[in-house]
Amino acid sequence: MRLVILGPPGAGKGTQAIQLAERYDVPHISTGDILRQAVKEESELGAEANSYIVAGELVPDDLMLGLIKMRLMGVDGRKGFILDGFPRTAVQAEGLDGLLSSFDEKVDAVISIEVDSKVLVRRLSSRRVCPCCGRNYNLLSSPPQRPGRCDQCGAKLIQREDDKEQTIINRLEVYTEQTAPLKEFYKNKGLLKQIDGQVSVEEVFQRIIKTLQ
Ligand code: AMP
């Protein structure tokens, strides 16, 4: 299974991607997670990416294409993938096609999770993450059992730097301008499947599975 998940920030791409990766036994590749890990490790990539992430801007395409190439060439890269947060621009989408065709492969389907922008701002500003295990919480819909602490590892939850209000607004604008047009790109290839992301997490998952069958 080679699946791309599209959707604005806060649509629930990560949550669905984790479950889909388990279901189809393929790696979940989140470029946002890879970049945040690089920032945490203070690597060269992290240093270069950090200012874009904090501002809610996109990291340059050449950097992202290099990163995804490395990841897909990794040990489990040939097995298939659930791509979460990539591609985000037309250049990235073309680059991905080129890369896959060099392996004689192609994207099987593209899921676009649709959520109204007012709902997104509310969701993102109430999102909290565990800095240790990466688990996501939402103070409104899926709060931790103990306020402010991760259920899984007990660490103190934090708000992502780019989940602050001004950055959220910027990220949504960037999505509308640069990423949303990819829906047309994949629609023209007959790959696009649009899913309502405003129902429960489980329902979204079931609808994705159904549309992929
Ligand atoms: P995410 O966790 O997917 O929302 O990504 C967080 C941030 O990482 C984004 O706001 C961008 O700054 C950066 N990022 C992640 N994936 C990409 C990508 N494919 N292209 C450019 N920037 C990206």
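Each residue in the range 142-154 was checked for being assigned to a loop (DSSP other than H, G, I, E, B) and either surrounded by 16 or more Cβ atoms within 10 Å (Cβ to Cβ) or not small (Gly, Ala, Ser) (or both), and 9 of them qualify. Please determine, by comparing only the residues of the range 155-173 that are open to solvent by less than 70 Å² (accessible area, probe 1.4 Å) and at pLDDT 95 or above, which one is farthest from Gln92 (Cα to Cα). Checked the range 155-173; the qualifying residue farthest from Gln92 (Cα to Cα) is Ala155. Just one residue in the set Arg128, Arg122 is assigned to a helix (DSSP H, G or I), without any contact (Cβ under 8 Å) to a residue 60 or more places away in the chain and within 14 Å of Gly12 (Cα to Cα); that residue is Arg122. Return the pair list, or none, for Cβ contacts closer than 7 Å from residues in the range 194-207 that are touching a residue at least 40 places away in the same chain (Cβ under 8 Å) and closer than 16 Å to Ser142 by Cα to residues that are part of a helix (DSSP H, G or I) and open to solvent by less than 20 Å² (accessible area, probe 1.4 Å), at least 6 apart or on different chains. Note: pairs meeting the criteria are Gly197/Val204; Val204/Gln16.
Filtering Arg88, Arg71, Arg78 for residues that are more than 10 Å from the ligand (Cβ to nearest atom), open to solvent by less than 80 Å² (accessible area, probe 1.4 Å) and among the charged types (D, E, K, R) leaves a single hit, Arg71. A single member of Leu139, Leu99, Leu120 is surrounded by 15 or more Cβ atoms within 10 Å (Cβ to Cβ) and under 19 Å from Val199 (Cβ atoms), and it is Leu120. When Gln37, Gln16 are screened for being more than 9 Å from the ligand (Cβ to nearest atom) and under 22 Å from Ser125 (Cβ atoms), only Gln16 passes.
The values are calculated or read from the model by the stated rules, or taken from the named source; none is laboratory data. Since this is a predicted model, take the numbers as computed values, not measurements. Heads up, the Cβs are rebuilt from the backbone with ideal geometry, glycines too, and the neighbour counts pull from every protein chain shown. With ligands, DNA and RNA removed, areas are computed over all heavy atoms of the protein, side chains included. Shrake-Rupley method; radii C 1.70, N 1.55, O 1.52, S 1.80 Å.
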